1. If you take the charge dipole of region 619-712 about its Cα centre, with +1 on Lys and Arg Cβ and -1 on Asp and Glu Cβ, which of 651, 667, 631 is farthest toward its positive end?
2. Which of the listed residues, 508, 44, 372, is farthest toward the dipole's positive end in the chain, when Lys, Arg count +1 and Asp, Glu count -1 at the beta-carbon?
3. Roughly how much of residue 37 is accessible, in Å² to the nearest 10, using a 1.4 Å probe?
4. R0 = 35 Å: FRET efficiency of residue 421 with residue 518, Cβ-based, nearest 0.05?
5. Taking 0.36 nm per residue of separation and subtracting the Cα-Cα distance, what length does fully extending residue 59 through residue 445 add?
6. Determine the sum of side-chain charges near residue 451: Lys and Arg each +1, Asp and Glu each -1, restricted to other residues whose C-beta is under 12 angstrom from that of residue 451.
7. What accessible surface, in Å², does a 1.4 Å probe find on residue 119, ignoring ligands, DNA and RNA and rounding to the nearest 10?
8. Which distance in nm do the two modelled labels at residue 74 and residue 681 give, with both placed 7 Å along the Cα-to-Cβ direction?
Amino acid sequence: MAQGCPIAGLELSVTDFQSSQNNMWHHTEEISFDHLIVRRGQAFNITLYFRNRAFEPDLDKIIFVAETGPMPDQAKGTRAVFSLAGRHGPSPWTASLETIRDSRLEVSLYAPPTAPVGRYLLKVHIDSFRGSVTAYQLGEFILLFNPWCSGDTVFLDSEPQRQEYVMNDYGFIYQGNKNWIRPCPWNYGQFEDNIVNICLELLDKSLNFQIDPATDCALRGSPVYISRVVCAMINSNDDKGVLNGNWSENFSDGTNPAEWTGSVAILKQWHSTGQPVRYGQCWVFAAIMCTVMRCLGIPTRVITNFDSGHDTDGNLIIDEYYDHTGRILENKKDTVWNFHVWNECWMARLDLPPGYAGWQVLDSTPQERSNGMFCCGPASVRAIKQGEVDLNYDTAFVFSMVNADCVSWLILGGKEQRLHRDTNSVGNFISTKSIRSDERDDITESYKYEEGSPQERQVFQKALQKLKMGKSQGHYQADSKPSSPMPRRLNSPPLRTCDIIQVSLELQLLDLPNMGQDIKFVLLAINMSRELKDLKVNLSAQSLLHNGSPLPPFWQDTAFINLVPKEAKTHRCQISYSQYSQHLSTDKLIRVSALVEEKSCPEKILVNKIITLVYPAIIINVLGAAIVNQPLSIQVIFSNPLSEQVADCVLTVEGSGLFKKQQRVFIGVLKPQHRASITLKTVPFKSGQRQIQANLRSNKFKDIKGYKDINVDLYV
């Protein structure tokens with residue numbers, strides 16, 4: 001009987017990663033249809049095509065190898081070896097047979113929900129019966145976090161929230177002041193061309209990777225670890241991170257932070273130049289971090305805290321100093337930022353006791369060091385509310401941003417006189433964009449109990465005691481500046497009734513403070529006592545940077561007000577445009593202060609008001625129906641709000657899925673109060689809800705903004 005011919009070894013011809021179908025199943029089709037981008041904890045299919053014969057399960061053994069990082073290691077979890085027949089060794093990665101048809105084999109692969117995220121190389125070893133073992137490189141794929149998977153530590157059990165905090169590529173960042181909250185439109189653009197590659201490049205340029213790449217890649221399965229790495233890389237204080245911060249008024253060698261309208265241009269500039277982009281401030285840092293974290297698959301939102309404390313010595317007290325005119329003095333130590341912006345990321349906290357999962361604060365604005373690096377968080381929002389300031393990471397610092405007390409001091413004759421202690425001025429109207437809406441969502445109650453309530457004061461005292469105990473044991477603020485001793489102050493005796501002014505004071509705006517117009521306001525004084533009051537009021541106005549740093553005063557006034565018992569009077573004030581125009585900061589903030597004294601009383605009263613000057617918004621009109629791959633015209637209407645000519649006008653327009661890149665139109669000169677419009681043409685390339693963002697800058701102003709929501713249909 002003739003001997004049969006030996007079975008030839010199985011030869012691989014081509015591999016189909018089924019990128020289009022897989023990416024749609026894994027919610028990554030917005031990133032790419034051509035390159036495989038999948039999420040951990042969820043299977044994906046690939047097809048192997050063989051050159052010489054069909055796959056035979058009883059004869060052929062197929063082993064897959066998935067590797068990430070420069071030094072893949074099975075022990076570290078950066079190399080996985082697993083067979084089609086079943087698990088190969090201890091690997092939690094799996095491969096299962098789907099279909100066999102002629103020379104085609106469809107296989108389902110599964111990366112566990114704990115696998116490190118990043119770029120992977122997929123290989124296959126084919127061992128045929130009595131044949132040689134052949135190895136093939138199938139290609140690269142990207143593995144991301146999976147908030148749709150219950151086994152992933154970033155799992156978010158709400159589809160509307162996943163759509164908002166992972167899939168939405170635009171939003172609002174709230175600015176202004178607590179009395180006038182302004183939404184600033186922002187294009188996050190996390191799914192734009194090449195952004196996912198830039199995000200992975202960001203991880204590879206971190207100091208952690210440079211020092212120990214094997215360990216860094218192994219730890220990339222943890223959102224806690226990843227978030228700290230990204231947080232440090234958004235700023236450039238320790239490394240060649242994405243952004244240089246600048247809180248001065250000189251941006252001549254870069255871009256004024258107020259001019260940015262999106263993250264994409266910043267990230268692409270960083271990628272192309274290899275150098276930090278100039279410049280950013282808190283909202284830009286937070287916006288870039290939101291883009292990176294959403295791209296990686298971690299649910300993220302941008303948070304604004306109005307009247308945000310910056311307590312450098314960890315005593316939960318913000319000291320503010322004033323002179324006899326009511327002018328606030330620069331304090332190199334503690335400050336109250338008019339607003340401060342950070343991120344919240346959703347994740348489990350397996351490193352903390354139970355109960356502290358969920359939203360975590362991450363602040364990439366470089367303020368203080370954390371374990372030697374300029375980053376902050378993740379700090380559990382629940383821990384912040386409960387005063388658990390000893391929990392990792394940087395919970396005490398974030399607690400002070402939302403719940404420190406503020407003490408005002410009068411500097412007079414070289415001595416310091418305490419004016420008052422305010423327990424509720426820090427941490428107001430903590431805001432983020434609402435789900436499925438352009439409205440603002442106030443989330444203050446998730447950070448602290450109601451101001452003035454017994455619970456709020458109990459938590460404050462609890463946090464203070466923990467900080468004192470930690471300092472005595474050397475546990476906290478290890479990377480902060482040494483605590484400065486408090487200035488020597490004379491203890492004043494308790495005030496008697498006759499020592500108290502008993503006057504109510506309030507600064508009130510009479511009109512909306514429009515840029516280019518005079519600011520009109522009154523000081524309302526009410527005598528609450530049964531005695532005659534003879535008041536002297538020193539008023540001053542000075543520009544502020546949004547981080548609380550004051551500029552020199554540009555306006556002062558003195559008023560003398562006589563009040564009979566229970567009488568109310570107003571003192572009218574006006575600051576002309578010519579008085580403030582040359583002294584205004586980019587932040588458009590003016591602080592008006594009134595320091596009141598009464599001849600027969602040692603007590604003094606300080607009141608102040610933050611005014612944000614208002615620009616007219618850019619108007620955007622969409623001319624016709626928006627349809628994918630069909631031409632679309634967009635009209636942009638803008639104006640010069642000033643009564644003087646402005647030059648060097650540049651209009652910037654962008655929108656993910658609408659424009660391939662940011663559009664810049666050089667307008668040149670705009671005459672006083674002049675209104676103009678231009679029409680831009682584009683071809684939308686993504687369907688669904690989109691947003692257009694626009695900014696107009698000139699030599700006199702930097703951030704007149706506007707936006708337009710637009711729905712793009714797939715077909716006519």
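1. Checking the options against the dipole of region 619-712, the answer is 631.
2. Towards the positive end, the residue furthest out is 508.
3. For residue 37, the solvent-accessible surface is approximately 0 Å².
4. Details: r = 35 Å, r/R0 = 1.00.
Using R0 = 35 Å, I get an efficiency of 0.50.
5. Working: separation 386, 0.36 × 386 = 138.96 nm, distance 6.40 nm.
Here the segment from residue 59 to residue 445 would lengthen by 132.6 nm.
6. On the way: positive: 448, 457; negative: 307, 405, 422, 445, 450, 456.
Neighbour charge sum, excluding residue 451 itself: -4.
7. In the full protein context, residue 119 sits at about 90 Å².
8. About 6.1 nm, to one decimal.
The values are calculated or read from the model by the stated rules, or taken from the named source; none is laboratory data. None of the values given here were measured: they were computed from a predicted structure. Reconstructed Cβ throughout: ideal geometry from the backbone, glycine too, with neighbour counts over all protein chains shown. These accessible areas exclude ligands, DNA and RNA; they are computed on the full protein's heavy atoms, side chains included. Shrake-Rupley method; radii C 1.70, N 1.55, O 1.52, S 1.80 Å.
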